[in-house]
1. Can you tell me which of (1) surrounded by 24 or more Cβ atoms within 10 Å (Cβ to Cβ); (2) over 27 Å from residue 285 (Cβ atoms) is the one residue 166 doesn't meet?
2. Just wondering, is there one or more residues in segment 177-189 that are among the charged types (D, E, K, R), surrounded by fewer than 13 Cβ atoms within 10 Å (Cβ to Cβ) and assigned by TED's automatic domain parsing to the domain that holds residue 271?
3. Take the residues in segment 56-82 that are surrounded by 14 or more Cβ atoms within 10 Å (Cβ to Cβ) and either hydroxyl-bearing (Ser, Thr, Tyr) or not assigned by TED's automatic domain parsing to the domain that holds residue 36 (or both), then tell me which one is nearest to residue 122 (Cα to Cα).
4. Could you check, for segment 308-316, whether at least one of its residues is buried (at least 19 other Cβ atoms within 10 Å of the Cβ), in a helix (DSSP H, G or I) and touching a residue at least 60 places away in the same chain (Cβ under 8 Å)?
5. The conditions are (1) surrounded by fewer than 22 Cβ atoms within 10 Å (Cβ to Cβ); (2) in contact with a helix residue (DSSP H, G or I) (Cβ under 9 Å, 6 or more places away or on another chain); (3) hydrophobic (A, V, I, L, M, F, W, C); (4) assigned to a helix (DSSP H, G or I), and residue 117 fails exactly one of them. Which is it?
6. Can you pull out every residue in segment 256-296 that is part of a helix (DSSP H, G or I) and among the hydroxyl-bearing types (Ser, Thr, Tyr)?
7. Among the residues of segment 257-303 satisfying the criterion of being small (Gly, Ala, Ser) and touching a His at 6+ places or on another chain (Cβ under 8 Å), which is surrounded by the fewest Cβ atoms within 10 Å (Cβ to Cβ)?
Amino acid sequence: MGEALASAKFQPDRRSRVTWLTKDALLGVSAVGAWALAAISAIALEDVGDWSETRHYAIGTAVIAALLLAALSGGRWWPGVREKVIHKSPWLIVSGLLLTLWELAAAKLGWVPQPFFPPPQALVEVFVWEWQEVGKHLLASLRLVVVGAIVGAAVGFVIGVSIGWSTHIGYWAHPVLRFIGPLPSTALLPVVFFIFPSSYGASIFLIALAAGFPVAILSWSGVANVDKAYYDVARTQGLSTWGLIFKVAIPAALPNVFVGLFMALGAAFSALMVAELVGVKAGLGFYIQWSQGWASYANVWATVLILALVCSSSITILFKFRDRLLSWQKGLVKW
C-alpha cells in the first residue's frame, strides 16, 4: 500500500519534469531554427545584390545558429551555458524572426523604400569594411563623453553635497541651480561656442553641464534626507564635521547619487550628439551627419546601433560598479 502511494505521488512530479524538459527543448530548438531561418532568408531567394554583399551576414547568422545548437547539445559539458541559452531563448527567437522579416522586407520583397531602410547585411558590410573609420569616430565620442561626464558628475556631486549639508551654501547655490539646471545645455550653444576657443572645449562643457545637474540634485536630496540619528551616534564617537560628511552623510547618500549618475549618463549622450552635430569634426554624431549627407544610410543605422550598444554597456558597467560598491547596503536598499 505504501509503495503504491509513493508511486502515485511520484508520477505527477515525473510528468511535470518531462513537461518542463520538453518545453526547454522546444524553446532551444526554436531559437536555433529562428537564426537558421535568418541565414536561409539571406541566400534562398533572389537578392538585389550578389553573393559578395550577403556572405558575411549569411555566414554570421549561420554560425550563431550552429553555436546555439552546440550549446544545447553539450549540456552535459556546459550546463551553465545551456541554461543561459534556454533562459534567453524567447529573445533569441524574436530577434531571429525580426532579422528574417527585415531581410525579406528590405532586400527580397521591396516592402520598405530604399536606400532609407537598408537590409541587415548592409549594416554588417559597414562593420566589415569600414571598422577602422567607425572605430576612429567611436574613440572620439568616448573621449568626449567620458571626460565631460566625469567632470560634470564630480562638480555636481560636490555642489549637491554642499547644498545638502550647509544651509548657507544652499541659500546662494540653490536659486542658481534651479535657474540654470532645468535649462537644456544645448540651448546655450551660441554662447558656449563664443566663449570657448575650441569646439572640443565647448563640447566638454555642454556634456558636463548636462551630466552635472541630475547628480547635483540627487546628491543634495540624499544628504538632506539622512536620518539625524546617524549624526548623533557619530558625534558620540568623536567625529568632527568633516568626519560626519565623509563617513556618514556621503555613504548614506550614495544610493541617490547613483540614481543621479544613471540619469547623467543619458543626458551626457544626448548632449554629445548635439555637440558633435554642430561642433567637433569627429565622433559618432558627426559620422551620422556625414553619412546622411552622402545618402549612406547603412552607415547611419550601423552607427546608431553602435551608439545604442555603447549606452547600454555604460549603464551595465555602472550597475556592476554600484552593486560592488554598495553591497553593504543590500539589506537596506531595494535593488
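1. (1)
2. To start, the set of residues in segment 177-189 that are among the charged types (D, E, K, R) comprises 178.
From the residues that got through so far, the ones that are surrounded by fewer than 13 Cβ atoms within 10 Å (Cβ to Cβ) too are 178.
So of that shortlist, the ones also assigned by TED's automatic domain parsing to the domain that holds residue 271 come out as 178.
Within segment 177-189, one or more residues are among the charged types (D, E, K, R), surrounded by fewer than 13 Cβ atoms within 10 Å (Cβ to Cβ) and assigned by TED's automatic domain parsing to the domain that holds residue 271.
3. Looking at the filtered set, the residue picked out is 57.
4. So the first thing to find is which residues in segment 308-316 are buried (at least 19 other Cβ atoms within 10 Å of the Cβ), and the list is 314.
Still in the list and also in a helix (DSSP H, G or I): 314.
Applying the additional criterion that residues be touching a residue at least 60 places away in the same chain (Cβ under 8 Å) yields none.
No, that holds for no residue.
5. (4)
6. To start, the set of residues in segment 256-296 that are part of a helix (DSSP H, G or I) comprises 256-278, 284-293.
Within segment 256-296, 270, 287, 291 qualify.
7. In this case the residue turns out to be 282.
The values are calculated or read from the model by the stated rules, or taken from the named source; none is laboratory data. All of these numbers come straight from a predicted model, not from anything done at the bench. Glycine also receives a Cβ, built like all others from the backbone with ideal geometry; neighbour counts cover every protein chain displayed.
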